[in-house]
1. With a 1.4 Å probe and every protein chain left in place, tell me how much accessible area C:Val53 has, in Å² to the nearest 10.
2. Along the range C:114-125, what does the Karplus equation 6.51 cos²θ - 1.76 cosθ + 1.60 (θ = phi - 60°) give for ³J(HN,Hα), rounded to whole Hz, x for Gly and Pro?
3. Which whole number in µm²/s is D for the range B:30-115 by Stokes-Einstein, with the Kirkwood Rh taken over Cα pairs at 20 °C and 1.002 mPa s?
4. What number results when the radius of gyration of chain B, computed over Cα atoms, is divided by 2.2 N^0.38 Å?
5. Residues with beta-carbon under 12 Å from that of D:Ala69, excluding D:Ala69: net charge, scoring Lys, Arg +1 and Asp, Glu -1?
6. Once you keep just the Cα pairs under 8 angstrom separated by 6 or more residues, what percentage relative contact order results for chain B?
7. At a probe radius of 1.4 Å, figure out the D/C buried accessible area, summed over both chains, and give it in Å² to the nearest 100.
8. Restricting attention to the range A:56-152, which GluC sites (Glu not before Pro) occupy a DSSP loop and are surrounded by at most 13 other Cβ atoms within 10 Å?
Number of protein chains: 4
Amino acid sequence: MEDPTRQEQAGPAVRARIEESFGRQGLMAHLGARLTHIGTGRVHIVLPARPEVTQQHGYVHAGATSAIADSAGGYAALTLFPEDCEVLTVEYKINLLAPAAGDRVEAVGTVLRSGRTLTVCQLEVYGVRDHGERKLVANGQQTLIRVDGPRR
Amino acid sequence: MEDPTRQEQAGPAVRARIEESFGRQGLMAHLGARLTHIGTGRVHIVLPARPEVTQQHGYVHAGATSAIADSAGGYAALTLFPEDCEVLTVEYKINLLAPAAGDRVEAVGTVLRSGRTLTVCQLEVYGVRDHGERKLVANGQQTLIRVDGPRR
Amino acid sequence: MEDPTRQEQAGPAVRARIEESFGRQGLMAHLGARLTHIGTGRVHIVLPARPEVTQQHGYVHAGATSAIADSAGGYAALTLFPEDCEVLTVEYKINLLAPAAGDRVEAVGTVLRSGRTLTVCQLEVYGVRDHGERKLVANGQQTLIRVDGPRR
Amino acid sequence: MEDPTRQEQAGPAVRARIEESFGRQGLMAHLGARLTHIGTGRVHIVLPARPEVTQQHGYVHAGATSAIADSAGGYAALTLFPEDCEVLTVEYKINLLAPAAGDRVEAVGTVLRSGRTLTVCQLEVYGVRDHGERKLVANGQQTLIRVDGPRR
């Protein structure tokens with residue numbers, strides 16, 4: 001398994017833009033998710049496992065897994081856009097490969113193709129234990145659309 | 001738009017089973033979602049809009065929308081299973097058709113095909129205003145697997 | 001099951017445009033598929049079962065099923081576009097619900113949401129027997145993009 | 001881009017089983033597709049571009065692209081099954097990233113997770129020119145189910 005800390009970070013302006021947008025996502029704060037890596041075309045989001053994010057068997061809920069995967073892909077796309085653009089998710093598909101066990105789940109969004117209008121991302125979610133074990137628990141694919149101009 | 005209150009409810013044993021399982025989903029309580037209809041092969045879940053479930057533009061986050069859609073589909077499948085069975089989401093795909101605006105979002109999971117091992121559900125999410133306006137904001141398709149025997 | 005012949009047809013200009021485009025799809029002719037209904041936002045394509053379109057168990061191949069579903073959705077989208085526009089499939093997802101048995105398969109593409117840039121369609125494929133029995137064998141969802149100007 | 005010929009092949013019994021099944025797929029022969037690599041958990045299928053497999057702009061039709069991708073994933077799954085098992089596609093999702101231009105398209109199906117009942121594959125399709133240029137034209141994800149016992 002790769003070591004995310006060894007990957008190159010995006011520039012400070014891009015990072016600041018992503019962090020500011022992430023800070024406005026009420027859901028991410030409410031779930032307890034945090035941005036852990038902002039690379040060019042690649043963003044990581046970590047969600048600690050706790051009772052507030054579980055399904056009925058005590059694993060992280062597919063909805064929480066998907067939520068951080070969707071955000072990771074969206075921000076990965078945004079790192080490649082000009083400053084005034086926003087991004088919206090058009091659709092995504094995700095396979096839940098294994099119960100999302102572990103001390104935390106980590107979503108990795110990676111841009112697969114960045115076009116003028118549409119971006120396609122790969123979504124991966126890992127269950128991670130504190131001692132370092134990582135297991136792929138979900139894998140998906142996402143389509144996003146670039147929206148020009150500020151959208152606040 | 002159809003009126004959910006006109007639909008027939010599942011029997012009391014099925015409803016109790018679904019409600020008990022829903023009660024164990026930490027994420028649903030944390031988001032503020034609640035079960036509003038349990039029919040045979042059809043379940044509705046409502047999520048009131050509030051800052052804790054938004055994305056960066058103030059609409060309900062695609063992750064929250066997906067979370068209740070995924071649960072609605074899972075419980076719709078479960079209404080058709082024998083008592084000792086559990087259900088796991090294999091995968092789903094969802095299109096976000098419009099910003100999830102409104103006073104609440106309502107997910108409707110409907111069984112499209114129920115097989116011995118696999119179930120396929122249609123997922124619909126509506127943005128609903130208090131005065132009654134309903135708009136389809138997301139549409140998806142989900143595959144689930146039946147797991148025999150208790151899984152606690 | 002609905003009777004397609006009872007549905008209203010699109011106007012003659014739209015129908016001519018769709019038929020001309022369909023006629024240029026080498027694959028549709030090679031498979032033996034034909035357009036059987038062009039409504040506004042809804043197109044049907046029929047593929048007779050024959051050895052040239054089967055998989056290893058003698059049923060219609062998922063690839064052939066998908067091919068006519070994809071075309072049906074694309075042309076359904078095109079019926080709602082201005083004259084000079086073209087349509088491209090961005091992505092689709094399809095569940096194969098049952099073996100595609102029958103004397104022919106019929107794909108029905110229906111526009112679910114038509115936006116300025118993107119269109120989302122529902123895809124249904126039925127296995128049909130000559131004596132009239134119809135069974136849903138595949139169900140999907142498709143995203144399309146409108147491309148302005150002629151693209152030949 | 002990797003060179004498929006450098007990859008290790010599956011054993012002769014597995015290859016014979018896949019080739020025999022592929023030979024029974026009427027659609028693959030009718031399209032002109034051929035198996036070009038059978039590795040353990042990875043299968044390649046090539047489809048030469050010709051008028052019989054095109055869409056209305058002369059590129060390879062998304063349906064043909066999907067058909068070989070679906071078969072490549074299915075056979076990749078089958079390489080990991082015991083001898084008497086068959087495989088059925090449950091569902092797949094594919095993004096068409098670029099027009100499928102080139103002298104041929106090559107689908108690569110790779111097993112991402114192989115479970116007792118379900119297998120998840122990654123699907124990639126490349127447009128390839130005779131002088132060696134390769135471009136990713138489609139990317140997808142597929143769920144398959146193992147069916148025990150002979151199914152002829």
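1. Rounded to the nearest 10, the figure is 0 Å².
2. Per residue, the Karplus-derived 3J(HN,Hα) values read 10, x, 4, 9, 10, 10, 10, 10, 8, 10, 10, 10 Hz.
3. Values: Rh = 13.6 Å.
Estimated via Stokes-Einstein, D reaches 158 µm²/s.
4. Values: Rg = 14.7 Å, N = 152, 2.2 N^0.38 = 14.8 Å.
Dividing the Cα radius of gyration by 2.2 N^0.38 Å gives 0.99.
5. -2
6. Values: 343 pairs, mean separation 33.6, N = 152.
Relative contact order of chain B: 22 percent.
7. Values: alone 8120 and 8090 Å², together 13230 Å².
Accessible area lost upon association: around 3000 Å².
8. Working: sites: A:Glu83, A:Glu86, A:Glu91, A:Glu106, A:Glu124, A:Glu133; in loops: A:Glu83, A:Glu133.
In loop regions of the range A:56-152 (DSSP not H, G, I, E or B), the sparsely surrounded GluC sites (Glu not before Pro) are A:Glu83, A:Glu133.
The values are calculated or read from the model by the stated rules, or taken from the named source; none is laboratory data. Since we're looking at a predicted model, the values are computed, not measured. For neighbour counting, all protein chains shown are included, and Cβ atoms are generated from backbone atoms with ideal geometry for every residue, glycine included. With ligands, DNA and RNA removed, areas are computed over all heavy atoms of the protein, side chains included. Shrake-Rupley method; radii C 1.70, N 1.55, O 1.52, S 1.80 Å.
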